[in-house]
Every structure is written in C-alpha cells, then in structure tokens.
Amino acid sequence: KKGVPKKEIDKGYFEVNHGLKGDAHAGEWHRQVSLLGKESIDKLRALGLKNLEAGIFAENITTEGLVLYELPVGTRLKIGETIMEVTQIGKACHNGGCAIKRSAGDCVMPREGIFTKVISPGWVKPGDSIEIIQ
C-alpha cells in the first residue's frame with residue numbers, strides 16, 4: 001500500500017521488470033526497488049528520532065555496510081538470488097517533505113536512498129549478502 005511504512009517480511013520475491021511482488025510501488029519503471037542504508041537511518045536517530053525502524057521510509061531493502069548513494073547509476077548489485085541495477089540516487093520529497101522531515105527538520109531518503117530495477121529475478125531475505133558486481 002502506498003503512503004504507509006513497510007514492515008519486515010521473511011522473504012520477498014523480486015520479479016524482472018517489476019520489483020517486489022505485492023509492493024504498491026513496483027511496476028515497469030526505473031524505480032522498481034528502493035534501498036536505504038541503516039547508517040542513513042542512524043543519522044536521524046542521532047537527531048533524536050528514536051522510533052525509526054527499517055521500512056519507515058518505505059524502502060524495500062535496508063542495507064548495512066555500503067554507502068549506497070556513492071554507487072554510480074548503472075552499478076549492478078547481487079542481492080540474495082537477484083541482480084539489480086542502480087537507476088537513480090535520491091528523489092524529491094512529496095509536498096514539501098514527509099512526516100519525518102517535518103519532525104526532525106531533515107530526511108535522508110531524498111539524498112541517500114537509491115533505486116534499482118530488477119535484472120535477474122529471485123528471492124531476497126533478511127541477512128542476505130549484497131555484492132557489487134559491476
């Protein structure tokens with residue numbers, strides 16, 4: 001459903017030219033899958049927002065240990081069984097900013113979140129490794 005935070009699931013199937021099966025944001029466009037680093041979420045926690053959990057920014061995948069926003073467009077990632085290609089870094093906020101931006105005065109998704117398209121399908125589950133392959 002659009003407009004609501006996402007909840008962690010046991011595993012998700014990512015379809016070619018679509019994204020996460022069952023996700024309202026999926027479809028035949030360049031922003032099929034959204035990723036945000038735990039480190040980016042931690043920046044807002046440091047500003048005093050303590051109840052930020054994975055999915056609060058509507059990201060499909062929360063990563064750890066990668067500086068996502070430094071990956072060039074076109075970079076390919078092996079995530080779980082899938083291969084995804086980075087298509088966009090950041091995005092404009094809707095209507096002057098989300099509830100997080102209004103509360104904290106900042107939001108990391110517009111600068112640090114990235115978007116990918118699915119090149120090779122498969123399952124992704126929490127704890128799967130992410131490998132830069134190109």
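Read-outs: derived from the displayed coordinates by stated rules, not from any lab. Here the structure is a predicted model, which means the values were calculated and not measured. Note that each Cβ is placed from the backbone with ideal geometry, even for glycine, and that neighbours are counted across all protein chains shown.
Remarks
- In sequence order, segment 119-134 has phi-based couplings of 9, 10, x, x, 8, 10, 9, x, x, 4, 7, 10, 10, 7, 10, 6 Hz under the Karplus curve 6.51 cos²θ - 1.76 cosθ + 1.60, θ = phi - 60°, and Gly or Pro positions carry x.
- Segment 37-75: trypsin sites (Lys or Arg not before Pro) in DSSP coil with no more than 13 other Cβ atoms inside 10 Å: 50
- Sites listed here are GluC sites (Glu not before Pro) in segment 1-62 whose DSSP assignment is loop and whose Cβ has at most 12 other Cβ atoms within 10 Å: 8, 28, 53.
- Proximity of backbone amide H atoms, modeled 1.01 Å from N, is registered between residue 88 and 115 at under 5 Å, excluding neighbours fewer than 5 places apart on the same chain.
- Entries of 11/50; 1/117; 91/125; 50/117 with Cα pairs more than 28 Å apart: 50/117
- The local environment of residue 2, defined by Cβ-Cβ distances under 15 Å, has a net charge of +3 under the rule Lys, Arg +1 and Asp, Glu -1.
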